Amino acid sequence: MELTGAEIVARFLADEDVEYLFGYPGGAVLHIYDALYQQDKVKHILTRHEQAATHAADGYARSTGRPGVVLVTSGPGATNAVTGIATAYMDSIPMVVITGQVPSPMIGNDAFQEVDTVGITRPCSKHNFLVRDIAELAETLKKAFYIATTGRPGPVVVDIPKDITAMKCNYVYPKQISMRSYNPVSKGHTGQMKRAATMMLKAKRPILYTGGGVVLDNASKSLIALAKQLNIPVTNTSMGLGGYPATDRQCLGMLGMHGTYEANMAISHCDVMIAVGARFDDRVTGNIEKFAPKAKIIHIDIDPASISKNVSVDIPIVGGVNQVLTALLKLFKADEREQDGEAIGKWWEQIEKWRSKDCLKYKQTKTGAIKPQFVLDTLYKVTKGNAFVTSDVGQHQMWAAQFYKFDKPRRWINSGGLGTMGFGLPAAMGVQLAHPKAQVACIAGDGGVQMNIQELSTCLQYQLPIKLICLNNGYLGMVRQWQEFFYEGRYSQVHVEAQPDFVKLAESYGHVGIQVTNSADVESALIEAFKQKDRFVFLNFITDPEENVYPMVPAGAGLEEMLLL
Amino acid sequence: MRHIISILMENEAGALSRVAGLFSARGYNIESLTVAPTEDLSLSRMTLVTRGSDQIVEQILKQLNKLIDVVKVLDLGDTPHVEREMLLVKIEAKGADNRDELKRLADIFRARIIDVTDTTYTCELTGAGHKLDAFIQALGSATILETVRSGVSGISRGPKSLHL
Ligand SMILES: Cc1ncc(C[n+]2csc(CCOP(=O)(O)OP(=O)(O)O)c2C)c(N)n1
Ligand SMILES: [Mg+2]
């Protein structure tokens, strides 16, 4: 069938079963938008900023496991999308971003709205393409989806010059693709797995350190089975929350800079660490010299380059997390050898001692000033732990990670690796579109919520009943906390002095706004908000301004050197 | 430690910049880099010389392998191999004595004089890097007007080969 390049893009996306396309039009993509107008299979979501389009696609991807798809114009459209691409790249989120480009003959001439999109996105995407020939368009798009969703997932950019979208070419949907230069490994090495099994069976103080890879590879079930089989405690990274049920006895919660006392102590004293789909990020390890000093380390990851990058490991296993965990479980089931039950029992006794410290405790105020932790505690109660929770970046993000107990994967959606303020609200849009009936809460701070506040308009257009929970401390709180602890309280540029009236702001966008200033009203406000099933509700919680996130491992310190409240 | 790495990759526009970009983004050093298409024009062959601890070089190899356009990567230093580099050098050659002297020196090093004027010789010399260094040193007091070095190309010895 003879189609124009623009029609090929639209047809291809439909053939690829793309449900939503998040985008923003402009000159270089006019033909594509015209082709989209003439079809109704792919639903286009018009955000109010290209960054928001990428975060929305990202939220869609994180909550469904399917690739998020974005369309933006050349030049500023592409550069606005870069933050979202980099955010997805750091967290290995499958995404395909189609960018318009100036017509091929004008490339390199500093044409109107020309930037070197391939050059700019090269270091922050898994791969990118500049389409030079209409005959390669469909295949290139297929490659983009294939690369984005296989191996260690990530965003892929396809830059399409405007003239290509006007040319005609025969179109057949490329069902399958193979690339001689790209063969993602998926199966772990049997010998390595046997060695790992022996090490795990002999362990006296084992721990599972699990990350985003468990969520990305849908490996929760096998992780739970394995942890249960050997009675091993589990700690999650922020990216891994929900990969192992938070309310299970064996879950020690998050580790790292703002991790729990029990998780960080257990990591510091374990003799065998099984790292699963995690990458030893500096926010997790603290001072690397002091990280898990007594441990032999087994590392399971799909990306060989993640192994022995920051911490050298004893038994590397390259492979899909789910496949490896399943295979390990099989080995254990067939294995006659016994664990050292006594040692494991003692290990758990020690862990319970650490846990009894109740490191996340906080005191309610006498004045009625709202503790941010209490809002999250209450949110958990009101939603019965069933909500999808997206977060922005800052103190509120850490409290959300600590206090909302995620029992299922893909429910906790946050920018872990890049720490992108402005992520939470647009990400929630993608989540709500993917799960129209589900309760979706976005936790934000008064600073970050203003970084993509224009999306309140998108939320009205598509009737997205998100509940935005703004923990308003009047500060760029996370930065303020560091200035309080490490700069003798010199609060440099962290006071958000002039704030809009968020309730009126929400109302002017056509939404419901609720202001909450007293602790006694927190629960009723949340219940009221979630009752409004079809409305977007902006809840502005005025919180205790100088509350800090504890525990905290100061930069440069080891995990054992936590500051506790 | 010095490492010499062979890379076989898709001969795509921008392939070279992916490799160069990787090295600059991750702060790896490049001592030399040569690249040209192979007999199969859809593939490029690159030889890259770098320095780093074993841990860094292991990361370099993994990161190179991770590039989507890269088909194969080999640390040539792990196996017996041959390295060659080409030097073109333009030298001032004035006066009969001096010209004779330079010609003798070129012969000793098996360099070829490939261009001649009244006042200059241009020599070509191929060999391992240290041989090229030695030649330049031996030129000593002669006035070097210009040098061009190709960077190292390498191939493994024996029947083993890096191909699809
Ligand atoms: C785009 C971007 N700019 C700057 C930062 C640095 N930063 C991290 S947290 C933070 C403060 C966030 O303040 P707020 O949104 O009010 O959240 P709070 O910490 O008060 O809960 C800042 C500025 C960032 N992460 N992202
Ligand atoms: Mg704040």
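Some observations on this one:
- Matching residues, segment A:432-455, being more than 16 Å from ligand 1 (Cβ to nearest atom) and touching a residue at least 60 places away in the same chain (Cβ under 8 Å): A:433, A:434, A:435, A:439
- Within segment B:36-84, if we keep just the residues that are assigned to a loop (DSSP other than H, G, I, E, B) and within 14 Å of chain A (Cβ to nearest Cβ), the residue that is nearest to residue B:124 (Cα to Cα) turns out to be B:38.
- Given (1) open to solvent by 20 Å² or more (accessible area, probe 1.4 Å); (2) away from ligand 1 (no atom under 12 Å from the Cβ), number of the condition residue A:459 does not satisfy: (1)
- Of everything in segment A:177-211 that is in contact (Cβ under 8 Å) with a residue 12 or more places away in the chain and closer than 26 Å to residue A:71 by Cα, the residue that is surrounded by the most Cβ atoms within 10 Å (Cβ to Cβ) is A:182.
- Applying the criterion of being over 19 Å from residue B:65 (Cβ atoms), of a type outside the set (D, E, K, R) and part of a loop (DSSP other than H, G, I, E, B) to the residues of segment A:106-131, the residue that is farthest from the other protein chains (Cβ to nearest Cβ) is A:112.
- Taken over segment A:258-277, the criterion of being open to solvent by 10 Å² or more (accessible area, probe 1.4 Å) and assigned to a helix (DSSP H, G or I) is satisfied by A:261, A:262, A:265, A:269.
- Residue match in segment A:550-557 (condition: under 24 Å from residue A:452 (Cα atoms) and surrounded by fewer than 18 Cβ atoms within 10 Å (Cβ to Cβ)): no
- Candidates A:333, A:357, A:381, A:371: the one that is in contact (Cβ under 8 Å) with a residue 60 or more places away in the chain, open to solvent by 10 Å² or more (accessible area, probe 1.4 Å) and within 30 Å of residue A:57 (Cα to Cα) is A:381.
- Qualifying residue in segment A:454-463 (condition: within 16 Å of ligand 2 (Cβ to nearest atom) and modelled with pLDDT of 95 or more): no
- Yes/no for residue A:484 being away from ligand 1 (no atom under 14 Å from the Cβ) and surrounded by fewer than 21 Cβ atoms within 10 Å (Cβ to Cβ): no
- Filter result for residue A:481 (more than 14 Å from chain B (Cβ to nearest Cβ) and either touching an Asp or Glu at 6+ places or on another chain (Cβ under 9 Å) or within 16 Å of ligand 2 (Cβ to nearest atom) (or both)): yes
- Selection count, segment A:375-400, where residues are part of a helix (DSSP H, G or I) and away from ligand 2 (no atom under 16 Å from the Cβ): 6
- If the condition is being open to solvent by less than 20 Å² (accessible area, probe 1.4 Å), out of contact with any Cys (no Cβ under 9 Å at 6 or more places or on another chain) and in a loop (DSSP other than H, G, I, E, B), then segment A:212-245 contributes A:219, A:232, A:237, A:241, A:242, A:243.
- In segment A:487-537, the qualifying residues are those that are of a type in the set (Val, Ile, Thr), in contact (Cβ under 8 Å) with a residue 40 or more places away in the chain and within 16 Å of ligand 2 (Cβ to nearest atom), and the one that is surrounded by the fewest Cβ atoms within 10 Å (Cβ to Cβ) is A:517.
- Residue that is nearest to residue A:443 (Cα to Cα), among those in segment A:392-413 that are within 16 Å of ligand 1 (Cβ to nearest atom) and over 14 Å from the mean Cα position of the chain (by Cα): A:396
- In segment B:87-103, of all residues being in contact with a strand residue (DSSP E or B) (Cβ under 9 Å, 6 or more places away or on another chain) and not hydrophobic (A, V, I, L, M, F, W, C), the one that is farthest from residue B:136 (Cα to Cα) corresponds to B:94.
- Options A:291, A:280: the member that is in contact with a strand residue (DSSP E or B) (Cβ under 9 Å, 6 or more places away or on another chain), surrounded by 19 or more Cβ atoms within 10 Å (Cβ to Cβ) and under 19 Å from residue A:561 (Cα atoms): A:280
- One residue from A:108, A:100, A:119 being in contact (Cβ under 8 Å) with a residue 12 or more places away in the chain and of a type outside the set (A, V, I, L, M): A:100
- The set of residues from segment B:40-56 being in contact with a helix residue (DSSP H, G or I) (Cβ under 9 Å, 6 or more places away or on another chain) and hydrophobic (A, V, I, L, M, F, W, C) comprises B:46, B:48, B:49.
- Filtered by the rule that a residue be open to solvent by less than 30 Å² (accessible area, probe 1.4 Å) and more than 10 Å from chain B (Cβ to nearest Cβ), segment A:132-153 gives A:134, A:137, A:138, A:140, A:141, A:142, A:144, A:145, A:148, A:153.
- Tally of residues being closer than 24 Å to residue A:178 by Cβ, more than 9 Å from chain A (Cβ to nearest Cβ) and open to solvent by less than 40 Å² (accessible area, probe 1.4 Å) across segment B:9-30: 2
- Looking only at segment A:487-518, and only at residues there that are aliphatic (A, V, I, L, M) and within 11 Å of ligand 1 (Cβ to nearest atom), the one that is nearest to the other protein chains (Cβ to nearest Cβ): A:494
- Filter result for residue A:468 (modelled with pLDDT of 95 or more, open to solvent by less than 10 Å² (accessible area, probe 1.4 Å) and closer than 21 Å to residue A:66 by Cα): no
- Residue count, segment B:89-112 (criterion: crowded, with 16+ Cβ neighbours inside 10 Å, under 20 Å from the mean Cα position of the chain (by Cα) and either assigned to a strand (DSSP E or B) or within 14 Å of another protein chain (Cβ to nearest Cβ) (or both)): 2
- From the list A:417, A:385, A:422, the one residue that fits, being modelled with pLDDT of 95 or more and within 10 Å of ligand 1 (Cβ to nearest atom), is A:422.
The values are calculated or read from the model by the stated rules, or taken from the named source; none is laboratory data. Computed from a prediction, not measured in an experiment: that's the story for all the values here. Using ideal geometry, Cβ is built from the backbone for each residue, glycine included, and neighbour counts are taken over all protein chains shown. These area figures cover heavy atoms from the full protein model, side chains too; ligands, DNA and RNA do not enter into them. Shrake-Rupley method; radii C 1.70, N 1.55, O 1.52, S 1.80 Å.
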